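A short write-up of the structure that comes next.
The values are calculated or read from the model by the stated rules, or taken from the named source; none is laboratory data. All values derive from a computational prediction rather than experimental measurement. We place every Cβ from the backbone using ideal geometry, glycine too, and count neighbours over all the protein chains shown.
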Amino acid sequence: MTTKTTVNNGDVTLPITTTGKGQKLIFFNGVGSTQVIWKRVIGQLKGQYEIITFDFRSHGNASSSTDHSFNAFLSDTERVMDSVGSGKPIVVAWSFGADLALTYAASHPDVLAGLVIIDGAIPISDLLVEDEVKMRRLLNSFSMKFSMLLMQLTTYRYSLSGDAIADITVDLDARRQQLLDVYAKAACPITMILATKTAGENKTEHAKRNNRLWREGSERLATKYPSIPMKWLDVGHRLPLTKPSELAREIDDFAQHIKSV
């Protein structure tokens, strides 16, 4: 049985989908994706779960907003978790959603039973954005705007401007350089699934550099917090679409581990 509800966060309405019974799993999406991105992963889970997905502001069936700051998305997180986050859920979070989930876990140490981080929340040592002006020019180009317009016709629709995406990216770069301290405040068990090619294939110096920074950041994290398991998949960033069976297996294994503790 599937239940669809909404919660309000100020002037923003956030849609929530709930299905099943069992250990509660709450899925956090990345920028430019909606709750639909988890469909194949959820379809391959073997355990018994109450599954909750939702859309952040300006994504999917959520209402649009003019505020796309990290703190605005974090307030969406807080509101959704206030509504459906009781009972020690496991949060499964990808990309930008992983950074939000980790920040939430750090400020609510007794709420989560566990956190599955998928290719996000890596404590990088340098900015992934080498040329902000160039990035903004690309995101505001006609071809990019046309692509974003076409996205409105798909289930992954979102209403973010090029500058909003750039602002989020720049903010994340800065925040990720401080993440080692955030991990220290997250009391729940954490497991991580990471992509070796999160910046794309190693065909350009930019991709090589950022993939190296991603790997080096994970190594620093592993050195400081060796209790956090990390699994690497030799793919690009969009793991929920390209590796659903592997993610489902890792989620099942982690949920079983949490249950046995």
Query raised in the report: Has the range 88-101 got at least one residue that is closer than 24 Å to E250 by Cα, over 15 Å from the mean Cα position of the chain (by Cα), surrounded by fewer than 21 Cβ atoms within 10 Å (Cβ to Cβ) and modelled with pLDDT of 95 or more?
Result: yes
Report task. Please enumerate the residues belonging to the range 222-237 that are in contact with a strand residue (DSSP E or B) (Cβ under 8 Å, 6 or more places away or on another chain) and part of a helix (DSSP H, G or I). Result -> A222
Query raised in the report: From the set of residues in the range 34-77 that are among the basic types (K, R) and touching an Asp or Glu at 6+ places or on another chain (Cβ under 8 Å), which is farthest from L102 (Cα to Cα)?
Result: K46
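Within the range 52-66, take every residue that is polar (S, T, N, Q) and over 16 Å from I168 (Cβ atoms) and give me the one that is surrounded by the fewest Cβ atoms within 10 Å (Cβ to Cβ).
Going through the range 52-66, the residues polar (S, T, N, Q) turn out to be 53, 58, 61, 63-66.
Of the ones still in play, those that are also over 16 Å from I168 (Cβ atoms) are 53, 61, 63.
Working: T53: 23, N61: 18, S63: 16.
Only one residue tops the list, namely S63.
Considering only the range 149-164, state which residues are aliphatic (A, V, I, L, M), buried (at least 18 other Cβ atoms within 10 Å of the Cβ) and farther than 13 Å from F70 by Cβ. Lay out the reasoning, then the answer.
Taking the range 149-164 as the starting set, the residues that turn out to be aliphatic (A, V, I, L, M) are 149-151, 153, 160, 164.
Checking which are buried (at least 18 other Cβ atoms within 10 Å of the Cβ) leaves us with 160, 164.
Listed by number, the list holds a single entry, L160.
Taking the residues in the range 207-244 that are small (G, A, S) and touching a Lys or Arg at 6+ places or on another chain (Cβ under 8 Å) as candidates, determine which candidate is farthest from A187 (Cα to Cα).
Taking the range 207-244 and keeping what is small (G, A, S), we get 207, 217-218, 222, 227, 236.
Filter once more, keeping what is touching a Lys or Arg at 6+ places or on another chain (Cβ under 8 Å): 207, 217, 236.
Details: A207: 33, G217: 20, G236: 29 Å.
Filtering first and then ranking leaves A207.
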**Report entry** Residues satisfying the stated conditions in the range 17-38, i.e. in a strand (DSSP E or B) and crowded, with 19+ Cβ neighbours inside 10 Å
**Finding:** Q23, K24, L25, I26, F27, F28
